[in-house]
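First up is the structure itself, then whatever we jot down about it.
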Amino acid sequence: MKFKICFTILLLLAFMQNIHSQVIAITLPDSITYWEKTNKVGLDVSQIAFVNWSVGGNNSVTILGKGEFDRNYNKGNLNWDNELVVRYGFNSQEGQETRKTDDQIQLTSTFGYRSDTISHWYYSAKFNFNTQFTNGYAYPNTTDEISAPFAPAYIFLGVGGEYIRKDLGLNAYFSPLTDKTTLVLNQTLANQGAFGVRAAVYDEEGKLISEGKKSRTELGILITNSIKRKIFKNIVLDHRISFYTDYINKFGNIDIDWQWSLDMTVNQYVKANIGAHIIYDDDIKATEEVNGEPIKVGPKLQLKQMLGVGVTYTF
């Protein structure tokens with residue numbers, strides 16, 4: 001009897017073990033996702049302080065907050081890249097008001113389809129949006145803004161061909177049909193004809209006849225190129241350039257937007273970066289201060305240089 005009981009127990013244990021093994025064998029694998037996402041946020045801080053410094057100087061602190069968020073989908077013949085870049089910085093210096101040093105909101109979305117899974121060429125549609133968070137001023141004048149949120153804002157929407165080499169970090173895009181819309185939603189700036197919109201009309205006595213338009217639409221050619229790849233150990237190059245010309249208004253007069261940066265990794269969280277941003281747009285009139293008043297002059301090459309060390313967190 002004891003033998004039968006022991007044998008029965010052993011059979012039950014073996015059966016349960018077999019069930020357990022079968023359960024493990026049919027466990028479903030993790031679901032497959034074709035999305036890749038990257039979130040990167042950072043804070044750069046620089047500070048100078050003087051105490052009894054014989055050659056003089058003003059105490060100052062500069063802070064720059066930045067974020068880069070990518071959502072990319074790739075499956076078979078489909079490729080959809082989305083990127084949001086935000087930056088905002090300011091400088092506080094002894095003896096003067098706080099001044100903005102950087103301000104950017106940029107959203108880019110490119111959808112592509114290729115006829116086979118081997119080719120690097122895609123039929124693509126691209127959307128790009130640029131604007132800023134706060135008003136801009138021709139310092140030291142902080143009364144009359146020279147820019148504002150959605151003044152300007154640029155919207156590009158077009159179709160064309162795109163060459164993608166993810167292994168090289170290379171992307172080239174050509175669109176023979178791109179709509180460019182310039183928004184100037186600040187009526188004061190629109191009345192001035194800022195950023196190429198139609199200015200307000202006044203009579204001989206200076207009375208307003210019609211307000212300036214808040215938008216301008218162009219149709220032209222857009223060419224872009226970007227490279228993002230490691231060029232040395234712990235050094236990543238991020239290069240982006242775009243060329244745009246309008247078919248109707250001054251065809252051949254090219255707007256240029258070129259950004260490049262070198263991101264140098266110190267450790268997992270601390271990074272240094274150096275870069276520049278160059279813009280030329282015939283519709284953007286430069287502002288100069290004459291006798292304390294901002295005066296509009298002709299278009300000029302715009303240059304912004306960047307050098308910073310700070311903390312970056314990627315998740």
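Springs between Cα atoms under 10 Å define the GNM used for the chain, and in it the highest mean-square fluctuation of F232, F150, F133 occurs at F232. Its Cα centre serving as origin, the chain has a Cβ charge dipole (Lys and Arg +1, Asp and Glu -1) of approximately 1700 debye.
If you place +1 on the Cβ of every Lys and Arg and -1 on the Cβ of every Asp and Glu, how big does the dipole about the Cα centre of region 184-299 come out, in debye to the nearest 20?
Working: 14 positive and 16 negative charges, 173 e Å.
Rounded to the nearest 20 debye, it is 840 debye.
Peptide packing for 62-69, 74-81 was compared via the average number of neighbouring C-beta atoms within 10 Å per residue; ordered from the highest value, the list is 62-69, 74-81. Principal-axis analysis of the Cα atoms of the chain puts helix 2-25 at an angle of about 30° to the longest axis.
The packing ranking of peptides 138-146, 255-263, highest mean first, is 255-263, 138-146, where packing means the average number of other beta carbon atoms within 10 angstrom of each residue.
Note on region 171-230: dipole from Cβ charges, positive end direction compared against T181, G196, G206; the farthest Cα belongs to T181.
Sorting 202-208, 297-303 by their mean Cβ neighbour count within 10 Å, with the most densely packed peptide first, gives 297-303, 202-208. With the largest listed first and rounded to whole Å, the semi-axes of the equivalent ellipsoid of region 237-315 from the Cα gyration tensor are 33, 20, 8.
Taking a straight Cα-Cα cut-off under 17 Å and skipping sequence neighbours fewer than 8 places away in the same chain, the aspartates and glutamates within cross-link reach of K271 are D44, E68, D238, D263. In percent, rounded to a whole number, the relative contact order of the chain is 11, using alpha-carbon pairs under 8 Å and six or more apart. Set against the labelled values (i) 176; (ii) 153; (iii) 263, volume of the Cα convex hull per residue in Å³ computed from this structure falls on (iii).
Evaluating 6.51 cos²θ - 1.76 cosθ + 1.60 at θ = phi - 60° for every residue in region 42-48, the Karplus couplings come out as x, 9, 9, 9, 10, 9, 10 Hz, glycine and proline recorded as x.
This ranking places I295, I164 by how few other beta-carbon atoms lie within 10 Å of each, fewest first, which gives I295, I164.
None of the figures in this text is laboratory data; all of them are computed from the coordinates on show. Small disclaimer: the values here were computed from a predicted structure and weren't measured. With ideal geometry, Cβ positions are generated from the backbone for all residues, glycine too; neighbour counts draw on all protein chains shown.
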